[in-house]
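One structure below.
The values are calculated or read from the model by the stated rules, or taken from the named source; none is laboratory data. Fair warning: this is a prediction, and the values are worked out from it, not measured in the lab. The accessibility values were calculated without ligands, DNA or RNA, using every heavy atom of the protein model including side chains. Shrake-Rupley method; radii C 1.70, N 1.55, O 1.52, S 1.80 Å.
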Amino acid sequence: MRHLILSGLAAVFLATPVVADRPVCDPNPRRTVEDFETAKDALLRGEFDRFFDAVQPFDRAADPSRLRAVQRFENTFPNGFRECASVVFRSEAPGLFQEIVLYDTGAQPLALYLRGARFRDEIRVIDFVLSDSPTEVVNLLQ
């Protein structure tokens, strides 16, 4: 299940992964997930196609609304974001992972929720939410 939840910002915006040399958005994480790092880095840099590749590993480019979403992000945030901060990272045995990241838009933050699961010895994103409501995203934590 994938969601793009953008209430206040909704009026503004209806291959080979590259991972940063160090963890993105958090200077000292206890643990990182490669697909999470790729997604966070791509969103920060404004590489929205790469972001969607990372958060949709099982159905890349299959979502018909993807192109519209990418174009809206590119038009609204052509240079990506100023900075980001990972505010929570959780993992539960045997293989569930969650992370919430806030991105500086210059106004209210954009919140990213990532949920991943271990599948075939790799941790893959199985769900994500982008929202201009950090509270809404925090409520997704399980």
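A compact table of results
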item	result
Checking SER131 against (1) within 18 Å of ALA42 (Cα to Cα); (2) open to solvent by 40 Å² or more (accessible area, probe 1.4 Å), the condition it does not meet	(2)
Residue list for region 98-122, filter: at pLDDT below 90 and assigned to a strand (DSSP E or B)	PHE119, GLU122
